């Protein structure tokens, strides 16, 4: 089948058509011309923007185990509605993704919308004590390893995991947090937590974890990726490690580029996040890290929860929120501080660089993975527009600017 996208503006730093309005011809899942003339199906996208397909490094589809919050089918639908053609799923399911059959369960699911990638467990049962069969998991299709939202607290296990995966060329994904310092905390520790009477998590919990893990990386070798960093000092530590030539990367959750601890003023549990939103100084440092390349990728940190987990007192509610479908609207908010083409690169090829996956671009002869957006369209996230099974979004019933109008994932067309 041939498809012509007419009068579309390209946003792709690696494309010869970057920042140009073109007629993009697609045939059998391949981009065949940037100056297309005609096709079996033609769509006029004047005023719309196209980029390469977005890749999310950090999402939870709760499948298997808690499918009443999200499952692979609903998660794929919400990811496509948010502009993603690829999603890497964390292993924190029930049971965890820790065997070849678990990996195949994800990869073999019929999916007409997005390509799923597997982040498999580092330790058995995510307990941090014994390594999983990492070689078998990699051969089955796992592209990276972590213990999900749980930090790899065991220094010896992290060291062995980095050594073991060194030859595989895949990263260990670490959630940098000291379990003891962060225990029983509910937001960032500071003036706001004191005023609200909530026990706070100090920035120290992230900073100590990053410092420890970088020292382990120096000894072990391998590739280490810090997931969802949130502090100014964390950005500095990663930047320094990169200058020293270490194979270290990091990502930031999209909401941490927007919200701060002050956002929690009315105890709305949809602002309770892991890691917690921190100060304006931290937020600005994260934005700067995106600009200067210290932060490699922007992730959704999509965490669906049912009403029973969120409609509670703030200190009893679970931490996390849904964020895939509102991702583009959030990018536009951040684009007031960072050029949109840089932001797009951090959700297109940034994640692919982290995982060592082939980069993509909009050019003749390239596989067609595209995300199409309307930067001017406004919409409201509510019961009729939400694609997720869960509703725990800080933007619920809010009007948002910027909407995804479709994705193309080779021969999978969703417009």
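The values are calculated or read from the model by the stated rules, or taken from the named source; none is laboratory data. Keep in mind it's a predicted model, so treat the numbers as computed, not measured. Note that each Cβ is placed from the backbone with ideal geometry, even for glycine, and that neighbours are counted across all protein chains shown.
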Exercise. Test residue 142 against the criterion of being in contact with a strand residue (DSSP E or B) (Cβ under 6 Å, 6 or more places away or on another chain), crowded, with 24+ Cβ neighbours inside 10 Å, under 30 Å from residue 415 (Cα atoms) and in contact (Cβ under 8 Å) with a residue 24 or more places away in the chain, and give yes or no.
Key: yes
Self-check item: Entirely in the stretch 26-69, the strands (runs of 3 or more DSSP E) that have 2 or more residues that are under 25 Å from residue 353 (Cβ atoms)
Solution: 30-33, 49-52, 54-59
Practice problem: Would you be able to say whether some residue in the stretch 259-269 is assigned by TED's automatic domain parsing to the domain that holds residue 198, crowded, with 24+ Cβ neighbours inside 10 Å and under 19 Å from the mean Cα position of the chain (by Cα)? | Solution: no
Quiz item: Quick check: anything in the stretch 85-100 part of a helix (DSSP H, G or I), more than 23 Å from residue 414 (Cβ to Cβ) and touching a residue at least 40 places away in the same chain (Cβ under 8 Å)?
Solution: yes
Self-check item: When residues of the stretch 214-255 are limited to those that are part of a helix (DSSP H, G or I) and in contact (Cβ under 8 Å) with a residue 60 or more places away in the chain, the one surrounded by the fewest Cβ atoms within 10 Å (Cβ to Cβ)
Solution: 219
Exercise. Being touching a strand residue (DSSP E or B) at 6+ places or on another chain (Cβ under 6 Å) and within 16 Å of residue 199 (Cβ to Cβ) is the filter here, so list the residues in the stretch 265-293 that pass it.
Key: 276, 278
Self-check item: Residue that is buried (at least 23 other Cβ atoms within 10 Å of the Cβ) and under 26 Å from residue 202 (Cβ atoms), where the choices are 114, 118, 122
Solution: 122
Practice problem: May I ask you to verify whether residue 45 is in contact (Cβ under 8 Å) with a residue 40 or more places away in the chain, outside the structural domain of residue 346 (by TED's automatic domain parsing), surrounded by fewer than 24 Cβ atoms within 10 Å (Cβ to Cβ) and out of contact with any helix residue (DSSP H, G or I) (no Cβ under 8 Å at 6 or more places or on another chain)? | Solution: yes
Quiz prompt | Residue match in the stretch 318-331 (condition: out of contact with any strand residue (DSSP E or B) (no Cβ under 6 Å at 6 or more places or on another chain), in the same structural domain as residue 87 (by TED's automatic domain parsing), modelled with pLDDT of 95 or more and under 30 Å from residue 169 (Cα atoms)) | solution = yes
Quiz item: Is there a residue in the stretch 121-134 that is modelled with pLDDT of 95 or more, over 25 Å from residue 180 (Cα atoms) and either in the same structural domain as residue 226 (by TED's automatic domain parsing) or part of a helix (DSSP H, G or I) (or both)?
Solution: yes
Quiz item: Does residue 158 count as touching a residue at least 12 places away in the same chain (Cβ under 8 Å) and closer than 30 Å to residue 264 by Cα?
Solution: no
Practice problem: State whether one or more residues within the stretch 79-94 are at pLDDT 95 or above, assigned by TED's automatic domain parsing to the domain that holds residue 306, more than 22 Å from residue 349 (Cβ to Cβ) and over 18 Å from the mean Cα position of the chain (by Cα). | Solution: yes
Quiz item: Just for the stretch 390-415: of the residues that are part of a loop (DSSP other than H, G, I, E, B) and more than 19 Å from the chain's Cα centre (by Cα), which one is surrounded by the fewest Cβ atoms within 10 Å (Cβ to Cβ)?
Solution: 397
